[in-house]
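In what follows, a structure is listed as structure tokens, so that the remarks can point back to it.
The values are calculated or read from the model by the stated rules, or taken from the named source; none is laboratory data. All figures in this text were calculated on a predicted structure; none of them were measured in a lab. When we count neighbours, we look across all protein chains shown, and the Cβ atoms used for this are built from the backbone with ideal geometry, even at glycine.
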Amino acid sequence: MEKLQNFINGFFCDPVEGKYIDNWEPATGTVYSQIPNSGPKDVENAVAAAHEAFPMWSSMGAQKRGEIMRRISEGIERRREEFAMAESRDNGKPLQLARAVDIPRAVSNFHFFATAVEHFAAESHHMEGTGINYTLRKPIGIVGCISPWNLPLYLFSWKIAPALATGNCVVAKPSEVTPYTAYLLGEVIKESGMPPGVLNILHGEGGTAGDAIVKHPQIKAISFTGGTNTGEYIARTAAPMFKKLSLELGGKNPNIIFADCDFDDMLSTTLRSSFANQGQICLCGSRIFVERPIYEKFREAFVKRVDETVVSYPDDPHAKMGALVSKAHLEKVCSYIELAKEEGGTVLSGGVRVEMPEPYQNGYYLRPTVIEGLRYDCRTNQEEIFGPVVTITPFDTEEEVLIMANSTPYGLSATLWTSDLKRAHRMAEKIESGIVWINAWLVRDLRTPFGGMKASGVGREGGWEALRFFTEPKNVFVKY
Ligand code: NDP
């Protein structure tokens with residue numbers, strides 16, 4: 001069975017303690033490779049390599065660093081089919097999705113930040129008659145990047161690229177559940193001419209390898225994307241060490257549909273915003289609020305489309321949904337469907353596992369699920385499920401839907417459907433979330449601030465926000 005390796009100091013290597021963990025294929029429910037179960041000693045080696053590389057990488061200049069990063073982008077692009085197949089196999093997502101979204105976005109992330117950093121400038125503040133302040137933005141040093149399993153290479157590269165572009169050296173850990181494309185990235189890095197030690201990729205469990213990254217005193221900043229509970233633990237651990245923190249956490253996003261929307265556009269987009277990537281995107285709209293005059297029409301049309309959605313093995317070209325990422329996650333999602341029933345909800349579509357032919361009979365397939373009849377403040381409507389489960393709820397007024405939309409501890413993203421421009425702006429201003437899409441979903445411009453408020457995170461990624469996070473500003477005053 002294939003054994004993946006860590007990538008430290010420009011070389012692939014085994015974990016110091018020689019321990020491995022199984023890597024499962026969600027489509028078949030079988031183990032197909034093993035990954036290093038890294039611990040503090042591996043992190044120590046990665047930090048030592050990063051420490052050695054930092055003076056040269058940080059003083060190389062943005063243009064040269066950008067050239068190397070563009071080669072990484074091109075290296076992924078050249079092997080995009082291999083990367084897409086690996087991502088789909090590791091995660092269970094349809095191959096078409098990995099081809100169309102995950103891998104192109106990883107290519108763009110490296111390219112975008114390689115070029116963005118060349119346009120990045122620091123502030124200067126003139127004090128008339130007195131002197132001038134200018135801001136130096138220096139790399140932080142060694143930074144830790146920890147990413148989740150839902151969009152593996154997409155989110156891994158979204159952190160690593162700005163960290164590298166600004167001259168930092170990186171110790172990075174992908175989710176143990178989806179390690180494969182991060183492993184392949186090591187091969188691309190090797191070929192790109194990136195100096196050894198600049199980017200080190202460790203595999204292993206969050207509680208050991210991840211924890212050792214968070215606690216290492218020489219790692220000065222942590223960029224983390226994952227669950228709110230993990231984020232809370234990381235904040236509690238890293239804050240007393242005065243580490244810089246960027247936390248992109250969970251969501252429970254509202255999708256608010258007014259009667260005056262473009263119904264067909266709304267319907268097909270809502271199908272995607274509910275169930276794309278098996279509902280395992282932090283930006284999916286899991287609470288659908290529909291203005292009462294079109295509630296019945298929406299329910300009928302939506303349930304029909306959901307009933308028709310093809311759930312199949314990832315490389316079936318007809319698959320709109322594949323397998324959930326793991327057995328444990330499938331069980332968690334199913335437990336929420338049971339909870340919804342206990343809370344008085346009615347399952348209108350789905351709610352059941354999918355019987356698949358050999359060799360997929362043990363895979364983690366679940367029908368997309370639509371539930372109605374729940375109070376907006378019940379657990380099903382307050383807690384993040386992170387799977388193909390949505391609730392639908394009617395509303396009568398803007399005020400009422402705002403109360404319901406803003407009622408959760410989360411505040412990541414929201415979607416609004418209306419043709420009334422004034423209402424759209426009014427609502428966008430009042431919704432408690434870091435991102436609002438109006439008559440659209442998941443349209444991303446990499447320059448915009450990305451992230452959530454409340455329990456959805458601290459700080460923003462994207463564009464200048466990311467470049468600012470990964471640099472330390474220093475004000476210098478010069479007297480006239
Ligand atoms: P987790 O919080 O379980 O894990 C995220 C990463 O943190 C993984 O690499 C994990 O390793 C690691 N980790 C776990 N425990 C620790 C620890 N104690 N110290 C350091 N690292 C640790 O999240 P999931 O992987 O389950 O991802 C799903 C979550 O991510 C959802 O809540 C989702 O909303 C959120 N998310 C947020 C996004 C955003 O931009 N706001 C985008 C995408 C997802 P391991 O896998 O080995 O446990």
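Before moving on, here are some points about what is shown:
- Those residues of the stretch 187-199 which are more than 23 Å from Ala116 (Cβ to Cβ) and either buried (at least 21 other Cβ atoms within 10 Å of the Cβ) or within 15 Å of the ligand (Cβ to nearest atom) (or both), in sequence order: Gly197
- Members of the stretch 437-447 that are assigned to a strand (DSSP E or B) and within 15 Å of the ligand (Cβ to nearest atom): Trp437
- Of all the listed residues (Ala106, Ala116), the sole one being crowded, with 23+ Cβ neighbours inside 10 Å and either within 16 Å of the ligand (Cβ to nearest atom) or farther than 21 Å from Ser33 by Cβ (or both) is Ala106.
- The set of residues in the stretch 60-69 that are over 22 Å from the mean Cα position of the chain (by Cα) and in contact (Cβ under 8 Å) with a residue 40 or more places away in the chain comprises Met60, Ala62, Gln63, Arg65, Gly66, Glu67, Ile68.
- Met427, sole failed condition from (1) assigned to a loop (DSSP other than H, G, I, E, B); (2) in contact (Cβ under 8 Å) with a residue 12 or more places away in the chain: (1)
- Across the stretch 202-215, the qualifying residues are those that are buried (at least 22 other Cβ atoms within 10 Å of the Cβ) and more than 6 Å from the ligand (Cβ to nearest atom), and the one among them that is farthest from Ile189 (Cα to Cα) is Ala212.
- Within the stretch 235-249, the only residue that satisfies the criterion of being among the basic types (Lys, Arg), under 23 Å from Pro449 (Cα atoms) and either near the ligand (Cβ under 9 Å from one of its atoms) or without any contact (Cβ under 8 Å) to a residue 60 or more places away in the chain (or both) is Lys243.
- Asn229 modelled with pLDDT of 95 or more, over 15 Å from the mean Cα position of the chain (by Cα), among the polar types (S, T, N, Q) and outside any helix (DSSP H, G or I): no
- Test: residue in the stretch 381-392 that is touching a Pro at 6+ places or on another chain (Cβ under 9 Å) and either part of a helix (DSSP H, G or I) or over 30 Å from Lys297 (Cβ atoms) (or both): yes
- When Lys220 is tested against (1) more than 8 Å from the ligand (Cβ to nearest atom); (2) part of a helix (DSSP H, G or I), exactly one condition is not met: (2).
Conditions (1) under 21 Å from the mean Cα position of the chain (by Cα); (2) assigned to a strand (DSSP E or B), marked per residue:
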{"residue": "Ala163", "(1), (2)": "yes, no"}
{"residue": "Gly167", "(1), (2)": "no, no"}
{"residue": "Val170", "(1), (2)": "yes, yes"}
{"residue": "Ser175", "(1), (2)": "yes, no"}
{"residue": "Tyr183", "(1), (2)": "yes, no"}
{"residue": "Gly186", "(1), (2)": "yes, no"}
{"residue": "Lys190", "(1), (2)": "no, no"}
{"residue": "Pro195", "(1), (2)": "no, no"}
{"residue": "Ala209", "(1), (2)": "yes, no"}
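- The residue that is surrounded by the fewest Cβ atoms within 10 Å (Cβ to Cβ), among those in the stretch 119-153 that are within 16 Å of the ligand (Cβ to nearest atom) and not in a strand (DSSP E or B), is Trp149.
- Residues that are under 24 Å from the mean Cα position of the chain (by Cα) and either of a type in the set (Asp, Glu) or in a loop (DSSP other than H, G, I, E, B) (or both) within the stretch 1-13 comprise Leu4, Gln5, listed in sequence order.
- Gly18, sole failed condition from (1) within 28 Å of Ala323 (Cβ to Cβ); (2) at pLDDT 95 or above: (1)
Per-residue answers, yes or no, for (1) surrounded by fewer than 24 Cβ atoms within 10 Å (Cβ to Cβ); (2) within 13 Å of the ligand (Cβ to nearest atom); (3) touching a residue at least 60 places away in the same chain (Cβ under 8 Å):
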{"position": "Leu155", "(1), (2), (3)": "no, yes, yes"}
{"position": "Ala161", "(1), (2), (3)": "no, no, yes"}
{"position": "Ala172", "(1), (2), (3)": "no, yes, no"}
{"position": "Thr178", "(1), (2), (3)": "no, yes, yes"}
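- Qualifying residues in the stretch 361-383 (those that are surrounded by fewer than 23 Cβ atoms within 10 Å (Cβ to Cβ) and within 22 Å of Ala323 (Cβ to Cβ)) - the one farthest from the chain's Cα centre (by Cα): Gln361
- Test: residue in the stretch 447-454 that is surrounded by fewer than 16 Cβ atoms within 10 Å (Cβ to Cβ) and among the basic types (Lys, Arg): yes
- Number of the exception - Val16 against (1) assigned to a helix (DSSP H, G or I); (2) touching a Lys or Arg at 6+ places or on another chain (Cβ under 7 Å): (1)
- Restricted to the stretch 404-424, and to residues there that are under 27 Å from the mean Cα position of the chain (by Cα) and in a helix (DSSP H, G or I), the residue that is farthest from the ligand (Cβ to nearest atom) is Ala424.
- Taken over the stretch 29-53, the residue count meeting the criterion of being buried (at least 19 other Cβ atoms within 10 Å of the Cβ) and part of a helix (DSSP H, G or I) is 8.
- The residues on offer are Asp264, Asp260, and the sole one that is out of contact with any strand residue (DSSP E or B) (no Cβ under 9 Å at 6 or more places or on another chain) and away from the ligand (no atom under 16 Å from the Cβ) is Asp264.
- Per-region count, the stretch 448-479, residues of a type in the set (A, V, I, L, M, F, W, C) and either in a loop (DSSP other than H, G, I, E, B) or near the ligand (Cβ under 10 Å from one of its atoms) (or both): 3
- Residue pairs whose Cβ atoms lie under 6 Å apart, sitting 6 or more positions apart in sequence or on different chains, and linking a residue in the stretch 81-110 that is more than 25 Å from Pro162 (Cβ to Cβ) to a partner that is acidic (Asp, Glu), are Arg89/Glu25; Leu95/Asp315.
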